[in-house]
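The values are calculated or read from the model by the stated rules, or taken from the named source; none is laboratory data. Just so we're clear, the structure is a prediction, and the values are computed from it rather than from any experiment. Cβ placement follows ideal geometry from the backbone for every residue including glycine, while neighbour counts extend to all protein chains displayed. Protein only, heavy atoms only, side chains kept; ligands, DNA and RNA dropped before computing areas. Shrake-Rupley method; radii C 1.70, N 1.55, O 1.52, S 1.80 Å.
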Amino acid sequence: PEGVRFENDIPAGMMLYTDPLIRTVIRNLIDNALRHGQPLTLIRFSLERREEGGWIICEDNGSGVAGEDKEKIFSRSYGKNTGMGLFLIREILSVSGMTIRETGTEGRGARFEIHVPDRIIRLET
C-alpha cells in the first residue's frame, strides 16, 4: 500500500523446516497490521537469536494492541474482522512447536514474536 514501507531483516540463508502454511501466517500478520494498525508507515520482519532459540519478529509503527487485549486477540471469534486470523496463526504455528505472543506497546506499534525451536531453524552462513 502507498505510504507503507516493508523491511525484511531476516537473513537470506534462514530456513524453516515447518508446514508450508507459514506463508499464510506471514500474510495474515501483514494484513492485520494494514487493517488494524492505522496509521502506520512501517512493517518490519527480523530474526533474533536468543538462548532459547530463534524469534521471528513482526513489528509495525502503528496504533498497537491494548494491554488487556494482548492474549484475547488469539482467541477464536475475537476481533474486528472474522475473528479467526490470529487464532488460526497460533494453531498453524503450534503444529511445528512454534508459539506466538504480542509484546508491542499500545500507541507505539504492534510487535509479534514467534518462537522457533532450534530443531526447525537453520541459518546458512
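If I filter the stretch 29-55 down to residues being among the polar types (S, T, N, Q) and touching a strand residue (DSSP E or B) at 6+ places or on another chain (Cβ under 7 Å), which single residue comes out as nearest to residue 4 (Cα to Cα)?
Of the residues in the stretch 29-55, the ones among the polar types (S, T, N, Q) are 32, 38, 41, 46.
Subsequent filtering for residues that are touching a strand residue (DSSP E or B) at 6+ places or on another chain (Cβ under 7 Å) retains 41, 46.
Values: 41: 4, 46: 17 Å.
Top of the filtered list is 41.
What are the pairs with Cβ atoms under 8 angstrom where one residue, in the stretch 42-53, is under 18 Å from residue 22 (Cβ atoms) and the other, located anywhere, is among the small types (Gly, Ala, Ser) and surrounded by 17 or more Cβ atoms within 10 Å (Cβ to Cβ)? Sequence gap at least six, or different chains.
Qualifying pairs under 8 Å: 43/33; 47/54; 48/54.
In the stretch 31-125, which strands (runs of 3 or more DSSP E) lie fully inside it and hold 3 or more residues that are open to solvent by 30 Å² or more (accessible area, probe 1.4 Å)?
Numbers: elements: 42-50, 53-60, 99-102, 111-116, 121-123.
It comes to 42-50.
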